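Presented below is the structure to which this report refers.
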Amino acid sequence: MQTTRLSLEDVLPLTCSRAGTCCHGNIVLLNPWELFCLAREKKITTREFRDLYTEFGGIKLRFDGKTGWKGKQACSQYIDGFGCSVHLGRPLACRLFPIGRQIYNGEVQYMHEGIKFPCLDGCPEVSELPSLSVGEYLQGQETVDYENAQDAYLELMQDLADMAFELFLDTGLAASGDTKTMVLWETMGNELPEELAKRIGVEWMDCLVIPELPTDFSGPINFVQQHTELLQRKAQEKFSALSTNKDFHEASVLIMGVALFLAQGIGANRMGLAEHWVETVKDILSKR
Ligand code: SF4
Ligand code: SF4
């Protein structure tokens with residue numbers, strides 16, 4: 001799909017008319033910090049929020065509300081005539097909309113879909129409201145914490161993939177001529193999220209999506225740091241006594257599955273990443 005790149009200085013009709021059209025028929029993916037913020041705002045546990053209001057094992061908000069704009073169903077958090085019931089804890093995608101964000105070669109890029117400004121489709125009245133620069137809009141939407149969390153989870157995703165690499169490359173598994181591990185990494189890039197969640201299993205899924213962390217963290221970066229340490233401790237506990245190639249194979253597949261599941265929650269291209277990681281390891285092996 002064609003996109004329009006934006007700079008922080010670009011001025012656009014970014015004052016929301018609050019018609020709620022983008023809260024209908026949309027896709028809102030969640031990382032664990034966002035799930036935590038939503039549950040906190042709703043005053044329920046993360047487990048309850050995941051089970052009641054998300055799909056794909058907790059990485060996608062459910063849109064099963066009342067039918068509204070263009071006959072599309074509203075977000076599970078949308079209240080007709082009121083708006084977002086979790087406004088203060090809304091995820092990054094909702095704060096940014098209609099702007100998109102990606103990291104490309106280490107650089108943050110903002111854009112919107114298509115050539116025409118997206119809000120004009122459902123809310124043409126925005127052209128009558130005050131225009132804002134992209135930078136002003138992001139500031140007003142208080143995106144910083146959520147952008148930081150997203151970037152920290154991107155790093156955690158790569159750390160988990162690195163762990164899967166090590167379990168394959170540094171244990172003798174790759175040297176044994178194993179061909180099944182990388183095949184499964186690639187397979188997991190294409191699996192339905194439900195299938196991947198099943199493969200990962202309840203224990204690791206809970207640790208990834210609804211981690212039990214101390215509540216005295218100082219912000220999103222600290223939250224993700226504690227989450228990273230929790231996952232590392234779990235891996236240490238589960239993998240330190242492994243000894244056979246079968247064990248290493250299973251552990252490598254499991255951790256790669258966790259990395260790929262997290263990738264989907266942060267909106268990364270899961271299939272592309274799986275292919276990229278397989279190519280990276282093949283490249284390492286070819287130089288040995
Ligand atoms: S489409 Fe744009 S103007 Fe309309 S409710 Fe969503 S963000 Fe606001
Ligand atoms: S979380 Fe709130 S802002 Fe986001 S789609 Fe749902 S109702 Fe709309």
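All of the numbers you see were taken from the coordinates with simple rules; none came from a lab. Source: prediction; values computed, not measured. Heads up, the Cβs are rebuilt from the backbone with ideal geometry, glycines too, and the neighbour counts pull from every protein chain shown.
Over the chain, calculate the relative contact order: mean separation of alpha carbon pairs under 8 Å at least 6 apart, over the residue count, as a percent.
It rounds to 25 percent for the chain.
Just to check, using Stokes-Einstein with a Kirkwood Rh over alpha carbon pairs, what's the diffusion coefficient of region 161-243 at 20 °C and 1.002 mPa s in µm²/s?
The Stokes-Einstein estimate is 144 µm²/s.
Along each principal axis of its Cα atoms, how long is region 226-288 end to end? Whole angstroms, biggest number first, please.
Projected onto its principal axes, the Cα set of region 226-288 covers 33, 31, 17 Å.
Let me check against my output: what whole-number percent is the relative contact order of region 206-288, with C-alpha pairs under 8 Å and at least 6 apart?
Values: 21 pairs, mean separation 16.8, N = 83.
Relative contact order of region 206-288: 20 percent.
Between the helical axis of 180-190 and the dominant principal axis of the chain, each derived from Cα atoms, what acute angle in degrees is found, rounded to the nearest 10?
10 degrees
Once amide H atoms are built 1.01 Å from N in the peptide plane, which residues 5 or more positions from Gln73, or in another chain, come under 5 Å H to H?
Gly25, Gly68
Above 20 Å lies some portion of the pair distances; for region 1-85, what is it as a whole percent of all C-alpha pairs?
Here the tail beyond 20 Å accounts for 46 percent of pairs.
Please give the helix 32-42 orientation as an angle from the longest Cα principal axis of the chain, in degrees from 0 to 90, rounded to the nearest 10.
Helix 32-42 sits at roughly 50 degrees to that axis.
Viscosity 1.306 mPa s, temperature 10 °C: what is the translational diffusion coefficient of region 18-61 from Stokes-Einstein with a Kirkwood Rh over Cα pairs, rounded to a whole number of µm²/s? Don't jump to the answer; show the numbers that get you there.
Details: Rh = 10.9 Å.
Estimated via Stokes-Einstein, D reaches 146 µm²/s.
Could you rank the peptides 116-124, 78-86 by their average count of other C-beta atoms within 10 Å per residue, with the highest value first?
116-124, 78-86
With the cut-off at 1.5 for a/c, could you classify region 93-141 from its C-alpha gyration tensor as rounded, prolate or oblate? Before the final figure, lay out the partial values.
Details: a/c = 2.42, a/b = 1.61, b/c = 1.51.
Cα axes put region 93-141 in the prolate bin.
The chain: D in µm²/s via Stokes-Einstein (Kirkwood Rh, Cα pairs, 20 °C, 1.002 mPa s)?
For the chosen part, D equals 105 µm²/s.
For the Cα atoms of the chain, what angle does the longest principal axis make with the long axis of helix 270-286, in degrees from 0 to 90, nearest 10?
So the helix axis and the longest Cα principal axis differ by about 30 degrees.
When N is the residue count of region 150-288, what does its C-alpha Rg come to as a fraction of 2.2 N^0.38 Å?
Output field value: 1.03.
Using only the alpha-carbon atoms of region 1-157, report the extent along each of the three principal axes, biggest first, to the nearest angstrom.
Principal axes ranked by extent give 40, 38, 28 Å for the Cα atoms.
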